[in-house]
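Participant: Mind looking over this structure? Questions follow.
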Amino acid sequence: MHEVEAAVDAAHAGAAVLLRHWEHLGKEDADLKARNDWVSLADRDSERAIVSSLRARFPNDSIVGEEGSAVRAASGRTWIIDPLDGTSNYLQHFPVWSVSIGLKSDDEMVAGVIYEPLRELVFTAERGAGAFRNGRRRRVSSQTTVEGAFLATGFPFRAQQYVAVYCAIFQDVISVSKGVRRAGSAALDLAYTADGVFDGFFELHLAPWDVAAGSLMITEAGGVVSDFSGGDRWLERGNIVGAPPGIHADLVRMIHRWVSEGQPER
């Protein structure tokens, strides 16, 4: 699919900007968009490079970017871009961050790329064609239950009203799992789940650019993605569970003890 190749090229263009600024920018060089939500020159310049690359190849497609890029077109296809997923990590010089680009056609994701420049890992997925890391096909893990699972999550640092319910879910999960990691890049958490590194991922209050590409990777790797009630509103509402089938069912069941999809608004 030439869209995947184009997205890889665009991700490299954005990453080139990020690598130039890496460890030269700090939190004092960033602006606060909202509580605990930062943006820097690196984010903005990376998004401009990505948008320019995609527009050159697909001038009739729409574009939505985290840092404000918005192009409306009539093709029925939309590129969803996170030019730097893990901005806080990046500004603190914590080496876990990525570039994420997803392509939605009408109501479904059809292509996705997540690039981790510091490790030169390129995760790709195409609907119906599988998920890959640096060109090698990947599958979700063979773990079947949350008990003994190695999971990833993210804290609702931008949505303090949900901290209490999140902590209740977290307590249930951590009491039976082997471990839970919070690395700070939802896109990478999803990519690593598709790669079988993590046995599953759950988080609430995310944006479409956080999950667009990675969600497709999980399903193409044999996993299941849903909202907190097991439905399909995860892109719209930002509450997501992604995992192999058995773990996904366990996580949805555990989450539903404390909250339903209709409750945590983005």
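Participant: For segment 157-182, what are the residues that are under 16 Å from Phe228 (Cβ atoms) and in contact (Cβ under 8 Å) with a residue 12 or more places away in the chain?
Facilitator: Passing the criteria: Ala159, Tyr162, Val165, Tyr166, Ala168, Ile169, Phe170, Asp172, Val173.
Participant: Next question. Can you pull out every residue in segment 111-145 that is at negative phi, in contact with a helix residue (DSSP H, G or I) (Cβ under 9 Å, 6 or more places away or on another chain) and in a loop (DSSP other than H, G, I, E, B)?
Facilitator: Arg127, Ala129, Arg139, Val140, Ser141, Gln143, Thr144, Thr145
Participant: Further question: Being open to solvent by less than 20 Å² (accessible area, probe 1.4 Å), among the β-branched types (Val, Ile, Thr), farther than 11 Å from Ala213 by Cβ and in contact (Cβ under 8 Å) with a residue 12 or more places away in the chain is true for just one of Ile101, Ile80, Ile114, Ile63. Which residue is that?
Facilitator: Of the residues listed, the single one that is open to solvent by less than 20 Å² (accessible area, probe 1.4 Å), among the β-branched types (Val, Ile, Thr), farther than 11 Å from Ala213 by Cβ and in contact (Cβ under 8 Å) with a residue 12 or more places away in the chain is Ile63.
Participant: Let me ask something else about it. Which condition breaks for Gly128 when tested against (1) crowded, with 22+ Cβ neighbours inside 10 Å; (2) out of contact with any Lys or Arg (no Cβ under 7 Å at 6 or more places or on another chain)?
Facilitator: (1)
Participant: Here is a further query. Those residues that are of a type in the set (Val, Ile, Thr) and surrounded by 21 or more Cβ atoms within 10 Å (Cβ to Cβ), I need them from segment 204-232; list them, please.
Facilitator: Step one: filter segment 204-232 for residues of a type in the set (Val, Ile, Thr), giving 211, 218-219, 224-225.
Val211, Ile218, Val225, listed by residue number.
Participant: Moving on to the next point. With the structure loaded, tell me whether Ala152 is surrounded by 17 or more Cβ atoms within 10 Å (Cβ to Cβ), part of a helix (DSSP H, G or I) and at pLDDT 95 or above or whether it fails that test.
Facilitator: no
Participant: Starting from segment 212-229, keep only residues that are within 24 Å of Tyr115 (Cβ to Cβ), then list their pairs with residues that are of a type in the set (Ser, Thr, Tyr) and surrounded by 24 or more Cβ atoms within 10 Å (Cβ to Cβ) whose Cβ atoms are within a distance under 6 Å, requiring at least 6 positions of separation or different chains.
Facilitator: These pairs meet every condition: Ala213/Ser100; Ile218/Thr193; Val225/Ser215.
Participant: Quick one: Val99 ticks every box in (1) modelled with pLDDT of 95 or more; (2) of a type in the set (Val, Ile, Thr); (3) over 14 Å from Leu18 (Cα atoms) except a single one, so which number is it?
Facilitator: The single condition Val99 does not satisfy is (3).
Participant: Within segment 155-179, work out how many residues are open to solvent by 40 Å² or more (accessible area, probe 1.4 Å) and out of contact with any strand residue (DSSP E or B) (no Cβ under 9 Å at 6 or more places or on another chain).
Facilitator: 8
Participant: Considering each residue of segment 180-203, count those that are open to solvent by 20 Å² or more (accessible area, probe 1.4 Å) and within 14 Å of Ala243 (Cα to Cα), and give that number.
Facilitator: 4
Participant: With respect to the numbered conditions (1) over 20 Å from Thr145 (Cα atoms); (2) of a type outside the set (D, E, K, R); (3) within 12 Å of the chain's Cα centre (by Cα); (4) open to solvent by less than 20 Å² (accessible area, probe 1.4 Å), which one is the sole condition not fulfilled by Leu235?
Facilitator: (4)
Participant: Of the conditions (1) among the basic types (Lys, Arg); (2) within 21 Å of the chain's Cα centre (by Cα); (3) within 16 Å of Ala10 (Cα to Cα), Arg57 satisfies every one except a single condition; which number is it?
Facilitator: (2)
The values are calculated or read from the model by the stated rules, or taken from the named source; none is laboratory data. Remember, it's a predicted structure, so these values are computed and weren't measured experimentally. Note that each Cβ is placed from the backbone with ideal geometry, even for glycine, and that neighbours are counted across all protein chains shown. Note: accessible area is taken over every heavy atom of the protein model, side chains too, but ligands, DNA and RNA are not part of it. Shrake-Rupley method; radii C 1.70, N 1.55, O 1.52, S 1.80 Å.
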